[in-house]
Structures are given as C-alpha cells and as structure tokens.
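For reference, the structure discussed in these notes is given below.
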Amino acid sequence: MRPGIGDPARLNARAMLSGAFAPPAAAGPLSREDIPRMSTPLPTIDQVASGPNVAIPAVPPTPVRRRPVPLSARKTGLYDLNLSDLTDRVTAMGQPAYRARQIYTGAYRQLADSYDAMTDLPKALKPRLEAELPIQLLQPVQTYEADHGETIKALFQTDDGQFIETVLMLYNDRATVCVSCQVGCAVGCAFCATGIGGLMRNLTTGEMVEQVIWSVRMARERGRQLTNLVMMGMGEPLQNYRATMAFIGIVNDAAGLQFGARRITISTSGILPRIRALADEPYQVNLAVSLHAPNDELRDRLVPHNTRYPVADLMATCREYTEKTGRRISFEYALMAGINDGDAIATELAQLLRRSGVLCHVNIIPFNKVEILDFERPTPAQIDRFAAVLTGHGIATTVRYSRGLDIKAACGQLRAEHEGIVPVNSSSTATRDTLPASASIDLDGEAVPGETDVVG
C-alpha cells in the first residue's frame, strides 16, 4: 500500500523542485556547450538532509550514473551532418562529391543501418566511413508495446552511457513520433518525471535524427508511414536551440526524409527569447506552449521559471509570434485533479486567452499518472466539464488522452526507473500539496562556451 500524502517517507515536492532537494553537482566541470547553467550551485546531500520538510526515505542504493562526455569529445555521427557538411567531409577523404548524395540517399531513403548495406559505395571506403562517421550512436535497451501494439516506447543508451526515451504512436489516420532533445531536463515542472533527476546534457542533432529514423523503420514494419513529429519527449527543445534547428533542417531536407515542417511541432515551457527567435526561422513548424495555469500564483508552482517569464509576458510573446508567422499556437494544459481543474480556473483560462488576442487552440491533456509523483487525473466528468467551460467561451479545445499508460509512456518514467534516479513503486513520492515555490535556473538558451556545466 502506498503511504498517504502526509507520510514523512515521501519526498517534499516543494523542497525537491525549488532547490532544497536536488542532485549534487558532478565532481568536475564539463564543456559549457553541453548544459545550460544554474544561477546558483546545487546543495550538497548533507544540506538536503538537514533542509526543511525533507525526509530521506530508506531505499536501496541508487545505481551509479555515468557522467556525460563533453560535446567536444563526443563522436560525430552520420546523422549529425546535413548534405552540405557531409559533402565537405567526403571530399576531404579524397572522394568525389557525389558520394555524399549516395550516402545520404542510403541513410534516409533506404534507411540503411550500416555502410555495408549501401551497395553503391566502394568497399574500401566503408571501414573509414564507419570509423569517422558511424551511423548508429544510440543502442536500444528496452522496447515496450501497449494499446494493442499501437504505442511503442523505446529506451535508448547513448554512446556515453546516458538514457533517453522515444515513443511512436499509431492512430487510424496518422503515425506520430515523440522525440527527446535532452538527457533529463532543467525546467523542473512539478508534475513531470523527466526533471526529477536533473539535466545531464543536451542531445546532439544526430541523436535526435536517429530517434526519427527508428520510428520510420518501426512504422514501416507495421505497414505505416510516419506522418507527424512532436518534440514533446524528454527535455526543453528551446534550451537546445541550435541542435534542434539543425535537426529540423535535416529531417525536412528534400534530399533526405523530406518531412514537412508543418507536420513538426516544437513544444516549449515558455523560453521567451527563443520563441522570438523561432518566429524568424525559415521552417513553418508548429509551436506548442506548456501553459498549465492561467495565473502566476499557480504557474509559479507548476512551472518554476514562470517567476522569470510570467504569464503576461508569455502571452505577449505568443501574440508577437502569431502576428509575425500567421501560425496558430497550441497551449498544452496538463489537467490535474484538485490542482488546476476547477470551474473558476477554467473560466480564468478562457478569459486570459480571449483577452490576449493570441491565435490559439487548447489541448487538454488529462494527467498521465506517474507513480513517483502524487498527482491524480481528474474524473472523466470533470475533464469534460473543464473543456465545456473553455468551448463555452469560444476557445477551440481538444481533449487529448495519453497513450501507453501501462508502459510508463509519460516523459522520463522509463528512464527514471531504469537508472534508479527515483525509486519507482517505493515510498519516495513527491506530494501534490507541496508544490515548488520557485527555481533559480537560467533558461535563456544554451550555455555560453567556457562556462562550468552542471550535472544533475
């Protein structure tokens, strides 16, 4: 039986996510290119143990987590390069420029998983390509299926021993892949499992592309074609901005996967400088903003960096984005029982959106239960009631139920259990009545070169 909300064996979510409880920094610095900085150092484990309202439960020892390799020391893979960059690498090997297009076609059109499978390449060239530009840098660790095989979730291990998740969801009229962009997350939303273990590092462009290649293969094995791509997996895409833009350029390339930009959705917790930058990009991608609350008092506690980018500023930036691009924004709203699902909150949300003038649509996402977090999904009647309030005020609204409830498909669950970051199904569970007050993470964008990295 799980302990009650008042049980001291549970971790206090306010203390955990506001900084009173956080994993200690690694013993040495990494490259600044990898991880956005924290504006204040993380506490030691002794400070955690003596902090207010924190009880450290007696649990089995946590497995040792490997430190990520700095970006400058990581391998460059084939999927890291666009066609122009690949052409430069191939010609530097003394090969004709057309070899790059042969390789690109083999990788993205034929989905070759090795250079040996590319029959139009010289045999003598293949070992060098494999040594200098390996194709596979992600190794599948576990694959789970749910919803009668319509939801497939994979746990991958990176070349430096980190773990990430990818989910493929098959519907009657579409096939969607949910891509991760970071190992962990620095944002620290109160209801998300990904951020509990902190941010380890950004994913490379190639590591994101490889997730899409996996999903294309999986879909084809089932007689389907991948139609949609959402960056709603582990991490904050706009905090890994350069790699994310390079990733979109590669999957959108007509010479490769030729994946339409309008079928790509980038989800953000609200990094305002990067939303403005995205409006100037050439790609006509969709933007989804994780809102979850209509006012600062509640959103401060659910999405900690709202203290830096408050709701009014977020709405103003979103309006600028829609006016500049002409594209509608989707506001994502994770609905949690007793937290943000009341009639008054629904009315306040509707009034906020109408007042903001933002061209928008609301996606209500009933909370996908995470065993390590003590939040609950509202009843179907309350979900419908919340949606009805919004539509009654003229707000376009869709209820989107989560897939893969029996395979831990919520962001970060599978990785957390595999790495032992948080002991799933133990008494270590954050409580919904002690939400985080604030956080002090600098979330403007990628780290500046030369800065000390922080490992969660």
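None of the figures in this text is laboratory data; all of them are computed from the coordinates on show. The structure displayed is predicted, hence computed values, not measured ones. Note: ideal-geometry Cβ built from the backbone for every residue, glycine included; neighbour counts use all protein chains shown.
General remarks:
- Cut-off 18 Å, label 7 Å out along Cα→Cβ of H361, residues of the stretch 201-235 by amide N: 227-232
- Under 14 Å, Cβ to Cβ, from D120 - net charge with Lys/Arg +1 and Asp/Glu -1: +4
- Packing, taken as the mean count of other beta carbons within 10 Å per residue, orders the peptides 108-120, 187-199, 304-316, 158-170 from highest to lowest as 187-199, 158-170, 304-316, 108-120.
- Convex hull volume of the stretch 78-132 per residue (C-alpha atoms, cubic angstrom): 74
- Difference of contour (0.36 nm per residue) and Cα-Cα distance, D85 to T398: 108.5 nm
- Electrostatic bookkeeping for L287 treats Lys and Arg as +1 and Asp and Glu as -1; over the other residues with beta carbon under 15 Å from its beta carbon, the sum is +2.
- Computed from the C-beta positions of S72 and A381, the FRET efficiency with R₀ = 60 Å rounds to 0.65.
- Radius 13 Å from Cβ of R319, net charge of other residues (Lys, Arg +1; Asp, Glu -1): +3
- Of the cross-linked pairs K75/K123; K75/K369; K75/K126, those separated by over 29 Å at the C-alpha level are K75/K369.
- Each Lys and Arg contributes +1 and each Asp and Glu -1, all at the Cβ; summed about the Cα centre of the stretch 137-427, the dipole is approximately 720 debye.
- Computed from the C-beta positions of E297 and D113 and an R0 of 56 Å, the FRET efficiency is 0.65 to the nearest 0.05.
- Computed over the stretch 137-427, Kirkwood Rh from alpha-carbon pairs, angstrom: 19.3
- Distance-filtered residues of the stretch 219-261 - backbone nitrogen under 18 Å, label point 7 angstrom along H148 Cα→Cβ: 222-224
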